[in-house]
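J.: Before we start, here is the structure in question, set down as structure tokens.
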Amino acid sequence: MLIVHVHVHVNPESVAAFIEATIENAQNSIREPGIARFDVMQQRDDPTRFVLVEVYRDEKATEAHRQTAHYVKWREAVASMMSEPRTRETFSNLFPEDKEW
């Protein structure tokens, strides 16, 4: 498993549109065979900050995801909504190591 945390800071006036576009992307993403999980989280004390938690079955699935029409649509739609460039952290799953997502 490969876990990716994407941190996004959105302009205050774009929060609703960002949520709509991101949930649409997430709904399509979880249909991809290489994605085990795709969570969209909004920070409670600052609603302009979000974390996307993407769990991929392997490295190839991350590249396949970036080639999908729904991801490209999302990336283009939200680019102007961000108050700073999004950041990305990657993790490996240690426990449970044999969890079937």
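J.: To the nearest 10 degrees, how steeply does helix 15-29 sit against the main Cα axis of the chain, on a 0 to 90 scale?
T.: Taking the Cα atoms of the chain, the angle to 15-29 is about 20 degrees.
J.: Report the far tail of the P(r) of the chain, meaning the percent of Cα-Cα pairs longer than 15 Å.
T.: The calculated P(r) of the chain puts 62 percent of pairs beyond 15 Å.
J.: Among F91, A77, L52, whose Cα projects farthest towards the positive end of the dipole of the chain, with charges put on the beta-carbon of Lys, Arg (+1) and Asp, Glu (-1)?
T.: Sorting the options by dipole projection puts first A77.
J.: Scaled to the compact-protein estimate 2.2 N^0.38 Å, what is the alpha-carbon radius of gyration of the stretch 29-71, rounded to two decimal places? Walk me through the intermediate numbers first.
T.: Numbers: Rg = 12.1 Å, N = 43, 2.2 N^0.38 = 9.2 Å.
The reported ratio for this selection is 1.32.
J.: Further, regarding this structure: Would you calculate a helix-derived [θ] at 222 nm for the chain, using -39,500 (n - 2.57) for each DSSP H run of n ≥ 4 and dividing by the full residue count, to the nearest 500?
T.: Computed ellipticity for the chain at 222 nm equals -10000 deg cm²/dmol.
J.: For the Cα atoms of the chain, what angle does the longest principal axis make with the long axis of helix 69-78, in degrees from 0 to 90, nearest 10?
T.: 30 degrees
J.: Sticking with this one: Only counting other Cβ atoms within 10 Å, I'd like T22, T68, T90 sorted with the fewest neighbours first.
T.: Listed from fewest to most nearby Cβ atoms, that is T90, T68, T22.
J.: Loop-only check: which trypsin sites (Lys or Arg not before Pro) in the stretch 24-101 are DSSP coil with at most 13 other Cβ within 10 angstrom?
T.: Sites meeting the loop and neighbour criteria: R31, R44, K99.
Values quoted throughout were computed directly from the atomic coordinates according to the rules given, and no laboratory measurement underlies them. Nothing here was measured: the structure is a model prediction, and the numbers come from that model. Don't worry about glycine lacking a Cβ; one is built from the backbone with ideal geometry, like all the others, and counts go over all protein chains shown.
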